[in-house]
Amino acid sequence: MIAIYTLWVREVKKYLRSKSRIIGSLGQPILFLVALGFGLGPTFKAAGQGDYIQFLVPGIIAMSILFMAIFSGISVIWDRQFGYLKETLVAPVPRWQIMLGRTLGGATVAIIQGFIVFGISFLAGFRLINPAALPLTLVFMALISLIFTALGTAIASVLEDMHGFQLIMNFLVMPIFFLSGALFPLTNLPKALGIIVKCNPLSYGVDGIRATLEGVSQFGLMTDLGVLSITTVILIAIGSYMFSRIQV
């Protein structure tokens, strides 16, 4: 357990020490929030859907967590190239503990990122409907971050090329984000698109955050929690298995 805690703290400290990384990672969420929130807001309201900023913010929070979590896997490739991973793997601890420590660290960083974006959203006019549900919001943020940190680690475990990892992640991340209901309501979708959306774990994360912050849910709060919890366990198990097979 000491190994899990040590790696967890290491990942968080790396993030907190890098001011440029913190500032740089906020650029895309703020751009989406401002450009889409104010650009499409009048159209969204004219269509009878209400305040677009209120609808958009949960999706932008989930997006910031998604990007930060899944790209945390690149540290596995980085550490492999510079030898730190080899030093870690020869330690007399099970590899699943090393993977879990890294995953918890990356997930914590993603949650911090999500809360920063959440705070910025108030400057854009977001209003918190149910403050009492904030602890449950944190649960959904944690589940999203664990899922995609584990996914990023699993993929990075079988790759040695940093550029290849970035290409694969971009191929996965954008469809996951755009087909999650983060930017548009999930009602009246074409049948094929509706099936894809329901197979996307981020859809349940966005819906859960939206439900806790605004009281509006597409799938139901218990369904969101159930799907995300099961997906978290599955992906952590897959990530642990893939990480245990790393050859350095």
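Determine if the stretch 135-149 includes at least one residue that is free of Cβ contacts under 8 Å to residues at least 60 places away in the same chain, out of contact with any His (no Cβ under 8 Å at 6 or more places or on another chain) and not in a helix (DSSP H, G or I). Break it down stepwise before answering.
Quick first cut of the stretch 135-149, residues free of Cβ contacts under 8 Å to residues at least 60 places away in the same chain only: 135, 138, 142.
With out of contact with any His (no Cβ under 8 Å at 6 or more places or on another chain) added as a condition, the list becomes 135, 138, 142.
Filter once more, so that each one left must be not in a helix (DSSP H, G or I): none.
Checked the stretch 135-149: no residue is free of Cβ contacts under 8 Å to residues at least 60 places away in the same chain, out of contact with any His (no Cβ under 8 Å at 6 or more places or on another chain) and not in a helix (DSSP H, G or I).
Does the stretch 62-74 include one or more residues that are hydrophobic (A, V, I, L, M, F, W, C), farther than 30 Å from Thr187 by Cβ and either touching a strand residue (DSSP E or B) at 6+ places or on another chain (Cβ under 8 Å) or at pLDDT 80 or above (or both)?
Pass one, the stretch 62-74, residues hydrophobic (A, V, I, L, M, F, W, C): 62-63, 65-71, 74.
Filter once more, so that each one left must be farther than 30 Å from Thr187 by Cβ: 71, 74.
This time we only want the ones that are either touching a strand residue (DSSP E or B) at 6+ places or on another chain (Cβ under 8 Å) or at pLDDT 80 or above (or both), so: 71.
Yes, some residue in the stretch 62-74 is hydrophobic (A, V, I, L, M, F, W, C), farther than 30 Å from Thr187 by Cβ and either touching a strand residue (DSSP E or B) at 6+ places or on another chain (Cβ under 8 Å) or at pLDDT 80 or above (or both).
Select from the stretch 192-235 the residues that are under 14 Å from the mean Cα position of the chain (by Cα) and among the hydrophobic types (A, V, I, L, M, F, W, C) and list them in ascending order.
Within the stretch 192-235, Leu202, Val206, Ile209, Leu228, Leu235 meet the criteria.
Residue by residue through the stretch 157-178, note down the ones that are at pLDDT 80 or above, over 16 Å from the mean Cα position of the chain (by Cα) and in a helix (DSSP H, G or I). Walk me through how you get there before you give the answer.
Initially, the stretch 157-178 is screened for residues at pLDDT 80 or above, giving 157-158, 171-178.
From the residues that got through so far, the ones that are over 16 Å from the mean Cα position of the chain (by Cα) too are 157-158.
Scanning the stretch 157-178 gives a single hit, Ser157.
Using the structure shown, decide if Gly226 is within 21 Å of Ala69 (Cβ to Cβ) and either buried (at least 19 other Cβ atoms within 10 Å of the Cβ) or among the acidic types (Asp, Glu) (or both).
Numbers: within 21 Å of Ala69 (Cβ to Cβ): yes; either buried (at least 19 other Cβ atoms within 10 Å of the Cβ) or among the acidic types (Asp, Glu) (or both): no.
No.
So which residues in the stretch 215-236 are touching a Leu at 6+ places or on another chain (Cβ under 9 Å) and of a type in the set (Val, Ile, Thr)?
Result: Thr231, Thr232, Ile236.
Looking at the stretch 23-38 only, could you name the residues that are surrounded by fewer than 21 Cβ atoms within 10 Å (Cβ to Cβ) and either in contact (Cβ under 8 Å) with a residue 60 or more places away in the chain or in contact with a helix residue (DSSP H, G or I) (Cβ under 9 Å, 6 or more places away or on another chain) (or both)?
The answer is Ser25, Leu26, Gln28, Ile30, Phe32, Val34, Leu36, Phe38.
Quickly run through the stretch 39-61 and pick out the residues that are within 15 Å of Pro185 (Cβ to Cβ), among the small types (Gly, Ala, Ser), without any contact (Cβ under 8 Å) to a residue 12 or more places away in the chain and assigned to a helix (DSSP H, G or I).
Of the residues in the stretch 39-61, the ones within 15 Å of Pro185 (Cβ to Cβ) are 40-41, 43-59.
Those still in the list that are among the small types (Gly, Ala, Ser) too: 41, 46-48, 50, 59.
Narrowing further to those that are without any contact (Cβ under 8 Å) to a residue 12 or more places away in the chain: 46-48, 50.
Within the stretch 39-61, just Ala46 meets the criteria.
Hey, does the stretch 231-240 have a residue that's aliphatic (A, V, I, L, M), surrounded by 18 or more Cβ atoms within 10 Å (Cβ to Cβ) and farther than 20 Å from Phe115 by Cβ?
Step one: list which residues in the stretch 231-240 are aliphatic (A, V, I, L, M), which gives 233-238.
Narrowing the set further to residues that are surrounded by 18 or more Cβ atoms within 10 Å (Cβ to Cβ) leaves 235-236.
Keeping just the survivors that are farther than 20 Å from Phe115 by Cβ gives 235-236.
Yes: one or more hits.
The values are calculated or read from the model by the stated rules, or taken from the named source; none is laboratory data. Owing to the predicted nature of the structure, the values given are computational and were not obtained by experimental measurement. Because the Cβ atoms are built from the backbone with ideal geometry, glycine has one as well, and the counts that use them run over all protein chains shown.
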